[in-house]
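Working notes, beginning with the structure itself.
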There are 4 protein chains.
Amino acid sequence: MLTRVHRIPAVAPDDVAGIQALVTSGQLNVKGIVAILGKTEGNGCVNDFTRGFASATLTRMISDHTGEPLDAVEQRVALVMSGGTEGGLSPHWLVFEIVNSDGGPSDGSKSLAVGAAITRPFLPHEIGRAAQIDATADAVREAMERAKISSPDDVHYVQVKCPLLTKARVAEALAAGHTVATDDTLKSMAYSRGASALGVALALGEHQAMSEDAVCRDFSLFSRRASTSAGVELLENQILVIGNSAAWGGDLMIAHDVMADAIDTSALARVLGQLGIAATLPLGPDAQACVIAALAKAEPSRSGVIRGARHTMLDDSDISGTRHARAFVGGVLAGVLGTTTLFVSGGAEHQGPDGGGPLAIIARKAAVGAEKKLD
Amino acid sequence: MLTRVHRIPAVAPDDVAGIQALVTSGQLNVKGIVAILGKTEGNGCVNDFTRGFASATLTRMISDHTGEPLDAVEQRVALVMSGGTEGGLSPHWLVFEIVNSDGGPSDGSKSLAVGAAITRPFLPHEIGRAAQIDATADAVREAMERAKISSPDDVHYVQVKCPLLTKARVAEALAAGHTVATDDTLKSMAYSRGASALGVALALGEHQAMSEDAVCRDFSLFSRRASTSAGVELLENQILVIGNSAAWGGDLMIAHDVMADAIDTSALARVLGQLGIAATLPLGPDAQACVIAALAKAEPSRSGVIRGARHTMLDDSDISGTRHARAFVGGVLAGVLGTTTLFVSGGAEHQGPDGGGPLAIIARKAAVGAEKKLD
Amino acid sequence: MLTRVHRIPAVAPDDVAGIQALVTSGQLNVKGIVAILGKTEGNGCVNDFTRGFASATLTRMISDHTGEPLDAVEQRVALVMSGGTEGGLSPHWLVFEIVNSDGGPSDGSKSLAVGAAITRPFLPHEIGRAAQIDATADAVREAMERAKISSPDDVHYVQVKCPLLTKARVAEALAAGHTVATDDTLKSMAYSRGASALGVALALGEHQAMSEDAVCRDFSLFSRRASTSAGVELLENQILVIGNSAAWGGDLMIAHDVMADAIDTSALARVLGQLGIAATLPLGPDAQACVIAALAKAEPSRSGVIRGARHTMLDDSDISGTRHARAFVGGVLAGVLGTTTLFVSGGAEHQGPDGGGPLAIIARKAAVGAEKKLD
Amino acid sequence: MLTRVHRIPAVAPDDVAGIQALVTSGQLNVKGIVAILGKTEGNGCVNDFTRGFASATLTRMISDHTGEPLDAVEQRVALVMSGGTEGGLSPHWLVFEIVNSDGGPSDGSKSLAVGAAITRPFLPHEIGRAAQIDATADAVREAMERAKISSPDDVHYVQVKCPLLTKARVAEALAAGHTVATDDTLKSMAYSRGASALGVALALGEHQAMSEDAVCRDFSLFSRRASTSAGVELLENQILVIGNSAAWGGDLMIAHDVMADAIDTSALARVLGQLGIAATLPLGPDAQACVIAALAKAEPSRSGVIRGARHTMLDDSDISGTRHARAFVGGVLAGVLGTTTLFVSGGAEHQGPDGGGPLAIIARKAAVGAEKKLD
């Protein structure tokens, strides 16, 4: 098996023409699609309907091609829509396709591997709490198994799509005699993202047993590889594990590191280094062409400062802080990588340290000796 | 004479405590202040009153110290407030102080030189038109003379603060039987910035005679060194020329180049190179410490794309494109320079090519041989 | 024939559950639907994808029920989505259903009548110009005929959904050697709405022949009955004519007047009076129950004032003026009518005088003698 | 003594020209100014610097006229700036001036009376808590005494300007070993407004002893006469009590009631009735001329509905709910009163019921028998 990653521009949240063109030309087999990550041009916050519009359109398109019922598509394919293309970020789809081949390369080197899993649906009172942490950890382990990744060290990115609390769900929990983690719907997105990220940390051994009290409180606990995103359209956690495995073939691989703050390009340089790409300013054309996808989390630091200098992202009542952060971190990465087609998503609770976040890059094994660095 | 540049954080548009502390401690002589550039935390658009608030507070503070009447301060000191600290940008003041000394260094090397001038007040119908272009060019020449800079090649940055049209000013022009360049108040900022930039280009010989028809129409005409900013609080153009001159002493110098697009870090690398600073990713601590101020313009490309990838800045009806652009370009520069205290201002009409903009850096002459590069 | 109007709340742009419930219970025949007007909760400006999401969902729902192909549904049913439920406005659908009955009432009184028509798709360079004006006028006449309304005096509301220019459409026009009415995408919505409204005025004899130069320039020309709305998801104009006709039965009727400014409740009182409803403050419960739908246009006055007092809607660079206006006029009407489920749409170029706009109310013929007033 | 109320338009937050013109013409004695309420055109949220700009400008203007030091002016004159003129609301000043005269009218009728007081500065950890409630109640009683109002029934409006928490103030509290009511700066405005309103309720006997746990939790507790507004520019609570008193003369009086929800024009009708003004739709010209000032609070209902219909104000991540609410309630009132120069302020925690708020009107005693109704 090998994984292909298609990076396709979108001119609107329902623009799947680029995907369909690849299908028509035979470059993409719809049945092989295991995940689509999308950057859509909404505000990325509560009333961002571009995510739902994109998901509905993609689900319909896949169903039309494969004949699967809509709900079967939703179960089989991880659709992770991240709203917000602030600054110069460019709306696009990242389509992950598994292709059957004759197994991994004979030289034993590792290649890009993906695996998906899904938790049971959560009850409203479980969101942001231990039940979500533990079920997420189990699902991450299951997805690793499917990806034939045995060591957590070979996992470089775990995308989680998780539910949130609506007014109705809060009422349902209260009616059943439960409390909820928060009755603020916007905050529930943070709790769900946070618990999901801690579940990833647990599965990957980044932290050992942890209490649900830590969620959105003890930010010293975090995963270096989780990217979690909350959406109103689901009740379970959908997990996509991306790593490297000797059981897979292909010419792609992934590496990651953690940005310590919003402007930490040293982390970017380290990730590039792992991939055998020289971190020059900016990257040369060949190096740029090797980078297939960059996935990062962005958030305003709760400290209110970046390297001691005050930022105004959290005091701006006109623009949400997450929108500021995506625009800014998008610039940080684009300036080096030479492209604006970057998957920068917001809301990084327990995903990297305060104000920073995980950064993963998928690249072609172009550079001599790059495979060795991953062993 | 020598120029000192003080970079001072501000916690609010009227926070001049940091400046006053330097005065109290004797590190800054208020009478020597020739210009203050401020990044304030408004929206940088029509209804940004943080600029006026800052200007009023600074004017009052200087007057209180020197005993000058308020209008004398306004005439003597160029106060250029640029609203908008989107993304991680940090509100701050850049105070330019001239210190009398024994003249330039004996070795004939050039040092940072500044000069200011001011045009007559414009009538509403002149804004964005030939009258503004020509008067700006004259004032740039006058400011160069005051800065003892004879060659346009030694000018690296020209800051212009210019007026805009309000509903009332449009009505005044129409009542007097004139037409206006535009009756859209937001657009009038663009026209005023554009005409001012073309005035700079004219003075520096970047272009020869030009028609007012080019303003906001023929964007192939632009200055590589102008940075213009419109504000409701003035009717004239205030000009600040910054360059290098052998007539000045001190350990600072300035260099510039033009970013071809919003993510053009190769331009940044070239500017650093001119200053003798190695453009590593990110800069090392010593190099970071050498950079005293970075001044850049940001704008969404009218083409709608950055290196072929669509951006959504001009289609976003919730956030002004200039706000997106400042956040994004702020990230591009901060990721390399290692600081968010950057003077990134928006609205780059005729200041660099579409979607790009001038970039100037003031640095200490720390690197061996840096002076030679400027000859 | 008679017209039923169903006012149905929506909890999201793709929430058609309320419509489906009526279908299931037999209260609504999908095949009889001729138009759905929707207030969706986007920003109502360029990047409002809630309109497209709603339209796609409604089209699919109707197709699923009737077996018609998607494009047949689009041609048969006028779907007019108006984005923006600012202030307390409530997202909802207004479903217009035609029911076959034994013709109009024997007493010769007039009842609510509707008719739809659609223009050909416009080329980008035609938008905002004579081609759009003329084609709209033709389509209004065609829709009147279908509604069996012979006199323009019996037309009380003409809803037009019209296209806008995107960056891509502007480029297409320029590439074909054409100029465009404006290359500003937000402004193109105004031009398209304006030309469409003038087309309505032409068809209804409110004005005679007019030049395209008047569009968005000569605001003394306007329709008192047009409500036009621009959206990215179509290229043609969709027209819905609503009036009263003796050829129709049922217990509904419509009346209209023009608000002279944003706070003109005297116009509201006059419309209520035409419908036999006493304009008390607020309406009594019975009167409130008679009002089935209220349709109004809102816009910031270009004069910058309302009855001499300055407003800030056009100087606010954080919130679009159309969003301000919808919230405000929504309050004006809701305070009297006692409900927030109002179809207030923005962008009233050439629809009523500057800062005002058409207002139409559909009500039950509850009041004695109401029919006479309409003769 | 008698109170004059001057309603003066402002073209910018620092536009005091209209006030100065009255001073110059002898219609206003600066030394008699006890309070200025201002509607300024900021966002009314955390980063609204128009309030501070206005306050600084007004303080300076008064000082320039009277020779008082700036801090003496700040202590003597209550400056209550409320940011946000959304919808069609018009920026303006309401200047309250006390004029010495020969005491109240001989007929024993009551006239408009005002009194101001100020609390001590609060420490960050006291904001939103019992300390703020109790100190506010004490200051209200003190202000009543100064206004010569002995019965709480004669108090119709209590304006409170209160502080908020910034990131720095939160850090200060934490560093001192305290907890804070909330570390969310936007939410801190709600806590401060809520505790202040409960302090008013306590002083006026609307509620008896209450716990600080009720703040922003138990919304069944509220004042019917408090209007509280948070701003970054102060640390103490400034109180202005407005009522009617037989000890005062003049031709003005005030009345109030509570809007049960955002569209409750029956409350408006009742207030007008108390003032002897017939509540027609809209008011006739004479009635309009009698209304000198209208003061109201606006907020999105936490229930998410208005009379059963969903609103989207709390789910909109682009525009703050308080901005929506001001625009909307502004429309509700303006449609009846026939003017947009209304003091509608946002953030009505514990000020009236959920989604509603206090409404007070100051009017001339024009109507026959109006005085009697107030006895």
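Evaluate segment C:333-347: report whether one residue or more is among the small types (G, A, S), in contact (Cβ under 8 Å) with a residue 60 or more places away in the chain and over 30 Å from B:D315 (Cβ atoms). Yes, the conditions are met somewhere in segment C:333-347. Within this structure, A:A201 passes the test of being under 13 Å from A:A137 (Cβ atoms) and either in a helix (DSSP H, G or I) or open to solvent by less than 40 Å² (accessible area, probe 1.4 Å) (or both). Has segment C:239-262 got at least one residue that is in contact with a strand residue (DSSP E or B) (Cβ under 7 Å, 6 or more places away or on another chain), of a type in the set (S, T, N, Q), within 23 Å of C:A35 (Cα to Cα) and in contact (Cβ under 8 Å) with a residue 24 or more places away in the chain? Yes, segment C:239-262 has at least one match. Tell me whether segment C:245-253 contains one or more residues that are within 14 Å of chain B (Cβ to nearest Cβ) and among the hydroxyl-bearing types (S, T, Y). Taking every residue of segment C:245-253 in turn, none turns out to be within 14 Å of chain B (Cβ to nearest Cβ) and among the hydroxyl-bearing types (S, T, Y). Residues that are within 30 Å of C:G108 (Cβ to Cβ), assigned to a strand (DSSP E or B) and not polar (S, T, N, Q) within segment C:223-254 comprise C:A226, C:I239, C:L240, C:V241, C:I242, C:G243, C:G249, C:L252, C:M253, C:I254, listed in sequence order.
Inspect all residues belonging to segment B:49-71 and state whether any of them is at positive phi and within 14 Å of another protein chain (Cβ to nearest Cβ). Working first, answer last.
We begin by selecting, within segment B:49-71, every residue at positive phi; these are B:67.
Right, trim to within 14 Å of another protein chain (Cβ to nearest Cβ) and you get none.
So far as segment B:49-71 goes, no, none of its residues is at positive phi and within 14 Å of another protein chain (Cβ to nearest Cβ).
Of all residues in segment C:83-101, which are of a type outside the set (A, V, I, L, M, F, W, C) and away from every other protein chain (no Cβ under 14 Å)? Walk me through it before giving the result.
In the first step, residues of segment C:83-101 are kept if they are of a type outside the set (A, V, I, L, M, F, W, C); the result is C:83-88, C:90-92, C:97, C:100-101.
If the condition is that a residue be of a type outside the set (A, V, I, L, M, F, W, C) and away from every other protein chain (no Cβ under 14 Å), then C:E97, C:N100, C:S101 are the ones that fit.
Only residues that are under 14 Å from D:V215 (Cβ atoms) and out of contact with any Ser or Thr (no Cβ under 8 Å at 6 or more places or on another chain) were counted across segment D:101-132, and they come to 4. Kindly indicate the residue of segment A:151-172 that is of a type in the set (G, A, S) and at pLDDT below 95 and also surrounded by the fewest Cβ atoms within 10 Å (Cβ to Cβ) among those meeting that condition. The residue in question is A:A168.
Report, by residue number, each residue of segment A:128-167 that is of a type in the set (K, R) and in a helix (DSSP H, G or I). Steps first, please.
Keep residues of segment A:128-167 that are of a type in the set (K, R), which gives A:129, A:141, A:146, A:148, A:161, A:167.
Hits for segment A:128-167 are A:R141, A:R146, A:K167.
In segment B:1-17, the qualifying residues are those that are under 23 Å from D:F49 (Cα atoms) and among the hydrophobic types (A, V, I, L, M, F, W, C), and the one that is farthest from the chain's Cα centre (by Cα) is B:A17. Set side by side, the residues B:S188, B:S220 differ, and just one is assigned to a loop (DSSP other than H, G, I, E, B), of a type in the set (S, T, N, Q) and either farther than 21 Å from B:V344 by Cβ or in contact with an Asp or Glu (Cβ under 7 Å, 6 or more places away or on another chain) (or both), which is B:S220.
Right, A:A147: of a type in the set (A, V, I, L, M, F, W, C) and in contact with a Phe, Trp or Tyr (Cβ under 9 Å, 6 or more places away or on another chain) or not? Reasoning before the result, please.
Details: of a type in the set (A, V, I, L, M, F, W, C): yes; in contact with a Phe, Trp or Tyr (Cβ under 9 Å, 6 or more places away or on another chain): yes.
In short, yes.
Got a number for residues in segment D:21-75 being basic (K, R), in contact (Cβ under 8 Å) with a residue 40 or more places away in the chain and in contact with a His (Cβ under 9 Å, 6 or more places away or on another chain)? I'd like the intermediate steps shown before the answer.
First pass over segment D:21-75, keeping only residues basic (K, R): D:31, D:39, D:51, D:60.
If we keep only those that are in contact (Cβ under 8 Å) with a residue 40 or more places away in the chain too, we end up with D:39, D:51.
From what is left, the residues that are in contact with a His (Cβ under 9 Å, 6 or more places away or on another chain) are D:39.
Count: 1.
The condition of being in contact with a Phe, Trp or Tyr (Cβ under 7 Å, 6 or more places away or on another chain) and closer than 11 Å to C:E236 by Cβ holds for only one of C:P121, C:P163, that being C:P163. I'm trying to understand the selection: among the residues of segment D:293-309, which are without any contact (Cβ under 8 Å) to a residue 24 or more places away in the chain, farther than 25 Å from A:I319 by Cβ and within 12 Å of chain A (Cβ to nearest Cβ)? Correct list: D:V305 only.
The residues of segment A:183-198 that are of a type in the set (S, T, Y), open to solvent by 10 Å² or more (accessible area, probe 1.4 Å) and modelled with pLDDT of 95 or more amount to a single one, A:Y191.
The values are calculated or read from the model by the stated rules, or taken from the named source; none is laboratory data. Since the model is a prediction, treat every value here as computed from it, not as a measurement. Neighbour counts are summed over all protein chains in view; Cβ atoms, including those assigned to glycine, are modelled from backbone coordinates with ideal geometry. The protein model used for the area step is the full one, side chains on, heavy atoms only, and it has no ligands, DNA or RNA in it. Shrake-Rupley method; radii C 1.70, N 1.55, O 1.52, S 1.80 Å.
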